[in-house]
Every structure is written in structure tokens, then in C-alpha cells.
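Working notes, beginning with the structure itself.
The values are calculated or read from the model by the stated rules, or taken from the named source; none is laboratory data. Remember, it's a predicted structure, so these values are computed and weren't measured experimentally. Here the Cβ positions follow ideal geometry from the backbone for every residue, glycine too, while neighbour counts run over all protein chains shown. All accessible areas refer to the heavy atoms of the entire protein, side chains included, with ligands and DNA or RNA removed. Shrake-Rupley method; radii C 1.70, N 1.55, O 1.52, S 1.80 Å.
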Amino acid sequence: MSELSIIQKTYDLVKWYIPILNRLPRSHKFTLGERMITGLYEFLEGLIVVQYSSKKFAQLKTLNGKLDVLRYQTRLLVDFGLIDEKRYAYVTQLLVEIGNELGGWIKQQNQREQR
């Protein structure tokens, strides 16, 4: 698992997702949309910062929680009819890939910090 790979995938997710979120109807753009945009940027920033940290485990666990929030918010978009099933399938695939890499990174850091 390469930390750079997860950062690139997250960057690609942000680049793909933000324009979609910016086109949400006004009734959702300034609530759910803004929260998701902020969450995406914070998640990307957190990954970049944690790669330089000496104690990564706790920060990675926090980022895992942020990723889970993004998953639920994405489900809300579908449930509210704000994105179609095709986009939902694509973004879910990206989130799963990022989650798998993040999980591997967490496991690796947990083992390192327990030694």
C-alpha cells in the first residue's frame, strides 16, 4: 500500500465530486453540499498531513470516521434523488478503494505503533 496512491485517489475523487456538489439545488447546496465539500477537502488535507506525521494511527482512525461520514452523505444524495444510480455506483467504487487503502494503512500503523 502506498500512501501516495490513496492521496491521488482522493484527489481524483475531490476533482470529480466537487463540480457535481456545486450543481446541487439551492435547497441542498448550502447544507449537505457544503458539508460534503468541506469534508472532502478536510479528508484530502488530512491524508497529506498524516503522511508526514510520526504518530499516524490516531490521525488515520479520525480520517476513517470522516470517510464514513462521506459515505453516508453520498447515500443521502441518492435517497434525495440528487444524483443518479450511475454516478452513485462510480463514487461508491472510489470510496471503497480509498477505504480499502486507508484500512490497510491503519492496520500497518497499528502494528508499527504496538511494537
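With the requirement that a residue be open to solvent by less than 20 Å² (accessible area, probe 1.4 Å) and either free of Cβ contacts under 8 Å to residues at least 40 places away in the same chain or not aliphatic (A, V, I, L, M) (or both), what does region 1-17 give you? Once the filter is applied, which keeps residues that are open to solvent by less than 20 Å² (accessible area, probe 1.4 Å) and either free of Cβ contacts under 8 Å to residues at least 40 places away in the same chain or not aliphatic (A, V, I, L, M) (or both), region 1-17 yields Thr10, Val14, Tyr17. Taking region 91-109 as the range and being over 13 Å from Leu63 (Cα atoms) and surrounded by 14 or more Cβ atoms within 10 Å (Cβ to Cβ) as the test, the residues that pass are Val91, Thr92, Leu94, Glu97, Gln108, Gln109.
Candidates Leu47, Leu63, Leu82: the one that is surrounded by 13 or more Cβ atoms within 10 Å (Cβ to Cβ), outside any helix (DSSP H, G or I) and in contact with a helix residue (DSSP H, G or I) (Cβ under 9 Å, 6 or more places away or on another chain) is Leu82. Suppose the filter is under 14 Å from the mean Cα position of the chain (by Cα) and open to solvent by less than 20 Å² (accessible area, probe 1.4 Å); does Tyr41 pass it? No: the conditions fail for Tyr41.
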